1. Show log10 I(q)/I(0) for the stretch 444-499 at q = 0.25, 0.31 Å⁻¹, two decimals, from a solvent-free Debye sum over equal Cα scatterers.
2. Volume per residue, Å³, of the convex hull around the alpha-carbon atoms of the stretch 71-197?
3. Starting from the Cα of residue 47, move 7 Å in the Cα-to-Cβ direction to define the label point; list residues of the stretch 1-36 whose amide nitrogen is under 14 Å from there.
4. Could you work out the relative contact order of the stretch 1-65, using alpha carbon pairs under 8 angstrom and six or more residues apart, expressed as a whole percent?
5. Considering the Cα positions of the chain, please state its Rg to one decimal place and its Dmax as a whole number of Å.
6. Please list, in order along the stretch 32-39, the HN-Hα scalar couplings obtained from phi with the Karplus expression 6.51 cos²θ - 1.76 cosθ + 1.60 (θ = phi - 60°), rounded to whole Hz, x for Gly and Pro.
7. First obtain the Kirkwood hydrodynamic radius of the stretch 1-65 from its Cα pairs, then insert it into the Stokes-Einstein equation at 20 °C and 1.002 mPa s, and state the resulting D in µm² per second as a whole number.
8. Between residue 262 and residue 476, what length in nm is gained on full extension when 0.36 nm per residue of separation is reduced by their alpha carbon distance?
Amino acid sequence: MTERLISSCRRQGRPLSDCHNSLIAYELDSTSAELGRNAVLNVLSSMNVSCDVAESLVGSWIRTGDYLFEAFQLAPANFVIGNPPYVRLEDIPVEVAGAYRNSYPTMTGRADLYIAFYEAGLSQLREGGVCAFICADRWMLNQYGAKLRSMVTASFAVETIVEMHQANAFDDDVSAYPAITIIRKADQRDALVASAKPTAEAHGGRLLAGMVNAMRSGQGTSSAIPDLNCALVHTWFQDADPWPCSSPARLALLRRLEDDFEPLESPSNAVKVGIGVATGLDDLFITKDQSLVESDRLLPLAMARDTLSGHMKWSGHYLVDPWLADGLADLDAYPRLGKYFEQHAELVKRRNTAQKNPNGWYRTIDRVNHSLTTRPKLYIPDIKNQFNPVLDRGETYPHHNLYYVYSDLWDLEVLGGILLSAVGQLFIEAYGVRMRGGYLRFQAQYLRRIRVPAPGSISAANKEELVQAFRERDRKHATDIALRLYGISRRELETTLGN
């Protein structure tokens, strides 16, 4: 930057004093800042800049201080470039962390410090300006990045994201899921998403950057450098929706499906997605003893283990149910239920939900909706490697490790066949974050966003095949039908799933 700036001044015949505010760099550590100043002084010396002028420029350019506290006082910038520090809030002194949170409202929940750097950098841009960071990409998916994603989609344009999880992004080994993001203060247009393989480094940054720019301008192809997978995405995400950018091909297909099909939970599908009951004390609220309390206070409860075979096999568990249709049951009207809760009152009242509701101390965390029991529904267990939708014909109520899907419009076995397919898996792979051990979260927030064909658009023959595939747990057969319904080639699907 220094070389280009000085060369530009000389080419235009402008005095170097015009450059005093053209570059501003912040470094919190004074020793590191001094190293930076010396490095730039050496460059200026090699360009025959006098010592006095060089000292003056470097003193103006490289500042020792906290950028997050001083960014508000800086002039609008054309470019904000950086590698923000990855620091968890719990590792920062409480008073400093509080000041950061007060200054940067996108820092919510368990946000890392880099969230504040993004907000500061973006806020400093003038119209058309660009913020270019290499940084951890977890904010694109996690809940703590929701406000920052909303900020970006409301007022900025995502131009380029280069995921570098497998590439050697830094000299030292850093477990940070890095990505380069280029975000401009402009209207959103096409976005380029790329993924660097471990061997991409051998091509050099200049060549890789040239390829990315060529792709963005429509003059390059995704096969120009096989070590950098690229895809051009024509529509970006809205509001706080997560950005599943780890696979460019998957993202491009996902955006196409999102444009062409309706979400699972939408008025046109008449689908409801929810989660089972959380008790706050399963050891007391769940039993197999049919004589423990009054029979109508025992609700057949489906557990995640009941779905392992792909078919609902109830294990005989019951919820000790404190709820009536109009509220909590009167314990005086149910003496056995009352006696049971009183025997364990100390434990039951210790729960957070009991302390918040002292008059209803024996309630479960979630209220029971008894009409759900008799509804046919699909159960979807959380934390699995693969989608495992299982049909309950209206005989049990779900535990909180099970999500449920019901509809007044869909044949649930047809819908189950679609979800069982590799296309259903594609959505969860894209939307969700893998946990340690490689397991996926099958949560309501992801299930609701799955796109499905309109039920009326599926032929009777395809419906029959989907039902058969669902009943036989035949993922390949279900996938063959789903590919036909979504207009996806098998090669395209295999490319996006990486197998």
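Just so it is clear, none of the values below were taken in a lab; they were calculated from the coordinates. Note that the structure is predicted; figures quoted are calculated from it, not measured. Ideal geometry is used to build each Cβ from the backbone, glycine not excepted, and the neighbour counts take in all protein chains shown.
1. Each listed q corresponds, in turn, to -1.14, -1.17.
2. Details: hull volume 13.9 nm³, N = 127.
Normalising the Cα hull of the stretch 71-197 by residue number yields 110 Å³.
3. Those under the cut-off are 1-24.
4. On the way: 58 pairs, mean separation 30.4, N = 65.
Worked out over the stretch 1-65, it gives 47 percent.
5. 28.6, 95
6. My calculation for the stretch 32-39 gives 5, 4, 5, 4, x, 4, 5, 4 Hz in order.
7. Numbers: Rh = 11.9 Å.
The estimated diffusion coefficient comes to 180 µm²/s.
8. Values: separation 214, 0.36 × 214 = 77.04 nm, distance 2.38 nm.
Working it through step by step, the gained length comes to 74.7 nm.
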